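Beneath this line is the structure, given in structure tokens, with notes to follow.
The values are calculated or read from the model by the stated rules, or taken from the named source; none is laboratory data. Model, not experiment: these values are computed from the prediction. A quick note on method: Cβ atoms are made from the backbone with ideal geometry, for glycine too, and the neighbour counts reach across all protein chains shown.
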Amino acid sequence: MTEAAAKSRVSGGRLWPLRASLLVQYFLLQALIAVICVVVLREPPPEPSSRFLVTEFTLKENGAERSVTLPHFTASRFAMNDPPLYTGRFNWPGDEAQGAWSVLLPRFTNGVEVTVNGVVILDSRRDPAANRPDRNTPEIAVIPASLLRDGPNDVAIRLFVWGPITGFLDRLYVGPDEMLRPSYDARTLLFVTLPVVISAWQAILAVILAIMWVMRRHEPAYGILAAAMAIGVAQAFLQTPLAQSPTSRLNAALIASAPIESGFVLTFALLFFGWKWPRYGWLIFAPGALVAAAGLFGDAVLTREAFLFVGAPTVGLYLVALALIIAHAVWTRQDAVSFMFGCAITIVLTCWALDLASVLQFMPNRRIFLARLSYSAMLVAIGAALTWRFARALNQVDSFASSMVTLVREAEDKLKASFVREEERARAAALALERTRLMRDLHDGLGGQLVSIVALSERGNASAGIGEAARAALKDLRLVIDSMDDIGGDLMLALGSWRERAMAQLRPHDIALDWRVVTPRGMPVHPELRPWHVIQIVRLLDEAVTDAAKHAEARRIAVSIETLTDAAGVARGCITVEDDGKGFGLAPNGEAAAGQTAARGLRNMRSRAARCGAELELISGAGGTRVRLTLPRRFPDRDAAAG
Amino acid sequence: MTSGSDQRPSPAITILLVEDDAPTSWRLQDALATAGFQVTSAATLAEARACLAQSAPQVLLTDLQLPDGHGVDLIRETRQRLPDTEIMVISILGDEESVISAITVGATGYLLKDAFPTDIAATVHELVAGHSPISASIARFIVRRTQSQPEPPPGPPLNTAKLTPREIDILWGIAKGFSYAEIAGHLGLSRQTVPGHIKNIYRKLEVHTRGEAVFEALQQGLIRL
């Protein structure tokens, strides 16, 4: 829709002559359609053989008597109390073998009462479908055999007329029922059954379009068309009132359905083809309202006059307006939908013109009204076309959705690939960081020990020292490897390995290691615990044990592990290493008075505790040394000392 | 090939020592011979196979990295051919990579290369008596494998499905540094039964056949068919 509009805007100037010729072609085509319609509709509907025609009648109307030939139009628009009486004759051969005879009335307005030999055999007013002047309902009645006489028989028809148009009686057929009935059936199918079928279809489309409008409020065109269809359906099942009843006034108001319905269709066309809603747009419904008001409040005559002089011309006017709007749409949009609408409206307009000509007796046809039928068919076609278009739009949405799925999948794949790359980069970065840490840890421990092994081996006379240094180096290597393992923040798991190593180290020195876990559950778990924290803590404990073994000449070392609750009520792990050695005197500044090595060891322990955020407490006396390490509430993320 | 012998009256325990590094080999031989074991040593896989073909030792001590092959193959062969021979792996670090891979093919203990001579002899004696050594880090590795995780942690494949909750409790105790006596106290066992449990655990971790290995790898999602 918008595509076509854009196209016309861009290349409008250049395509003008082409467009003009297109419009001319369009109008020529519409003219052709109109001519074809006229020609086709001039053909009379199915009729029996003319052998059974009865055309010569004597008409008694308003007291005057004259002979007439059917078909005949009455002069009056209303004749209920003293209806025109047509009397004629037909011959019955008296041959029983021919079977039953019938009277066939192919077309009449508005009602007939058929009498044969003075006995009423048919009153069409009892048939609601036959009471509608806009339906071309035929009637057939079987003449009871007992009524028939050999030779001439009398047939009389009383024609009831109640408007809004003049009375009409088409040619009459009297003959064997089996000869007349096929054409009766064909006419019933065309003029009674088909409108019902179309109305049913229209009702379904009204529901579909109403649902569509409810779901898509921004497209009122659907709602308008649904309303038009609903009115069309109501009109189709409307009964023409003959007697006064509680609902007769309402029924009379419903006579306004045609102008109202055409108003709705005009509104739909305006909205659908993207016209700006005119300021006095509601005036479209004014004629319909007028007719409805006349039906509601006026008498029968006023109602008929209103319909005839307001309703019917309104319908014609709106049809012409519709044709013009659609022609404009064909001009600007040049699409299949407007073209199709155009052809449909031409057909309806032609039928309406023919009907009008028939009502006004300009054309000697048999007063077969087709505008209503063609209009219903057109509405159904429009509804079907819109539904089809909607389904196609849904398909487009589906294909859009599937292409979106493909796009999303592609984007997802790309994202996944970049995520994998990112992950690899992160892994590489983590690996590099880990390598740096490993290098530093190995340098701190293993490197120093290996250097001392080299130094000792160069001296050549201290084999015992070499062994000790190498063993320390291996011990440290195991510590480093051990610390790389994920212990899930449970320092107890690291201490378990340390205990083994410490016991192996102390066994040759004949020093006992007492291991006591005071709190059964050990120490709090620290999810933020990292390998470098573990290494610092284990090295600190190593220093404490080594000091006790080497310098303090202890015989027994006790390690106790417990969980303490600090002033703030937070559980904190606490590791205590106690020995029964001779201790080392601490200078007031905290420096050990003992040898250089012990002093360095103490400094190291303080620095390691500080790096982990742990508190170190050292008490040394003649009775031994006690190192108490209180773990932090939370281990620091960064190694403050080493950067 | 060197052979150490001693003249102790009691029937000496025979050991085949497979170690390619000569000084290490000497050191271990000295430690074992001093303790009264009868040690035969081999430096390569081929030598070791030749020795095993001649006589079945009571204990096989083997390094993993050998000049002409991998100690794991030797352990597997020995375990199949000589089921009565106790097998120990000699490890530099006692890390789970080497120890666990040796256990899954049939070893029931490990020995650190730098252990003190008395410890070396004691460990072999314990092993012969049915007590397998285990370190905290090995125990930790095994129990972490018993915890269901979407992805198995890195390291050699290990199927812990056969371990009983009690055995897992014992491993937890060892991993956290408790002594056998403490573990026995906590779990209501007698102290003497704990080392026997360790050997059972090792036996349960052993993968007996190639088919079983494939089955277990499938079970753990390590391979997909």
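A compact table of results
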| read-out | value |
| --- | --- |
| Search result, residues across the range A:483-494 that are more than 7 Å from chain B (Cβ to nearest Cβ), under 16 Å from B:ILE142 (Cα atoms) and more than 58 Å from the chain's Cα centre (by Cα) | A:ALA494 |
| Residue in the range A:344-363 that is surrounded by 15 or more Cβ atoms within 10 Å (Cβ to Cβ) and not in a helix (DSSP H, G or I) present | yes |
| Hits in the range A:350-365 (condition: closer than 17 Å to A:PHE307 by Cα and either modelled with pLDDT of 80 or more or not assigned by TED's automatic domain parsing to the domain that holds A:VAL38 (or both)) | A:TRP352, A:ALA353, A:ASP355, A:LEU356, A:ALA357, A:SER358 |
| Long-range neighbours under 7 Å by Cβ, at least six apart or interchain, first residue surrounded by 16 or more Cβ atoms within 10 Å (Cβ to Cβ) within the range A:30-45, second among the aliphatic types (A, V, I, L, M) and not in a helix (DSSP H, G or I) | A:LEU41/A:LEU370; A:PRO45/A:ILE368 |
| Residue match in the range A:452-466 (condition: surrounded by fewer than 19 Cβ atoms within 10 Å (Cβ to Cβ), within 21 Å of A:ARG603 (Cα to Cα) and free of Cβ contacts under 8 Å to residues at least 40 places away in the same chain) | yes |
| Selection count where residues are among the β-branched types (Val, Ile, Thr), within 13 Å of B:SER135 (Cβ to Cβ) and within 14 Å of chain A (Cβ to nearest Cβ), scope the range B:79-116 | 2 |
| Filter result for A:SER399 (on the phi < 0 side of the Ramachandran plot and outside the structural domain of A:PHE237 (by TED's automatic domain parsing)) | yes |
| The range B:177-193 - residue that is hydrophobic (A, V, I, L, M, F, W, C), within 14 Å of chain A (Cβ to nearest Cβ) and in a helix (DSSP H, G or I) and, of those, surrounded by the fewest Cβ atoms within 10 Å (Cβ to Cβ) | B:ALA181 |
| Breaking point among (1) touching a residue at least 12 places away in the same chain (Cβ under 8 Å); (2) more than 30 Å from A:PHE73 (Cβ to Cβ); (3) more than 14 Å from chain B (Cβ to nearest Cβ), for A:ALA469 | (3) |
| Residue among A:SER338, A:SER374, A:SER358 that alone is small (Gly, Ala, Ser) and more than 36 Å from the chain's Cα centre (by Cα) | A:SER358 |
| Residue in the range B:122-146 that is nearest to the other protein chains (Cβ to nearest Cβ), counting only those that are assigned to a loop (DSSP other than H, G, I, E, B) and of a type in the set (Gly, Ala, Ser) | B:SER135 |
| Matching entry among A:ARG539, A:ARG507 (being more than 8 Å from chain B (Cβ to nearest Cβ), basic (Lys, Arg) and under 27 Å from B:ILE92 (Cβ atoms)) | A:ARG539 |
| The lone exception for A:ARG279 - which of (1) in contact with a Ser or Thr (Cβ under 9 Å, 6 or more places away or on another chain); (2) assigned to a loop (DSSP other than H, G, I, E, B) it fails | (1) |
| Residue match in the range B:159-176 (condition: within 11 Å of chain A (Cβ to nearest Cβ) and modelled with pLDDT under 85) | no |
| Selected residue (criterion: surrounded by the fewest Cβ atoms within 10 Å (Cβ to Cβ)) from residues of the range A:563-595 that are at pLDDT below 85 and touching an Asp or Glu at 6+ places or on another chain (Cβ under 7 Å) | A:LYS582 |
| Contacts under 6 angstrom Cβ, first residue in the range A:157-184 being in contact (Cβ under 8 Å) with a residue 60 or more places away in the chain and under 23 Å from A:SER67 (Cα atoms), partner assigned to a strand (DSSP E or B) and of a type in the set (Asp, Glu), 6 or more apart | A:ARG158/A:GLU113 |
| When residues of the range A:510-520 are limited to those that are at the interface with chain B (Cβ under 10 Å from one of its Cβ atoms) and either at pLDDT below 85 or within 15 Å of B:TRP172 (Cα to Cα) (or both), the one farthest from the chain's Cα centre (by Cα) | A:VAL517 |
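Residues checked against (1) in contact (Cβ under 8 Å) with a residue 60 or more places away in the chain; (2) facing chain B (nearest Cβ under 10 Å); (3) over 19 Å from A:GLY448 (Cβ atoms):
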| residue | (1), (2), (3) |
| --- | --- |
| A:ALA473 | no, yes, no |
| A:ILE481 | no, yes, no |
| A:GLY496 | no, yes, yes |
| A:GLU500 | no, yes, yes |
| A:PRO527 | no, no, yes |
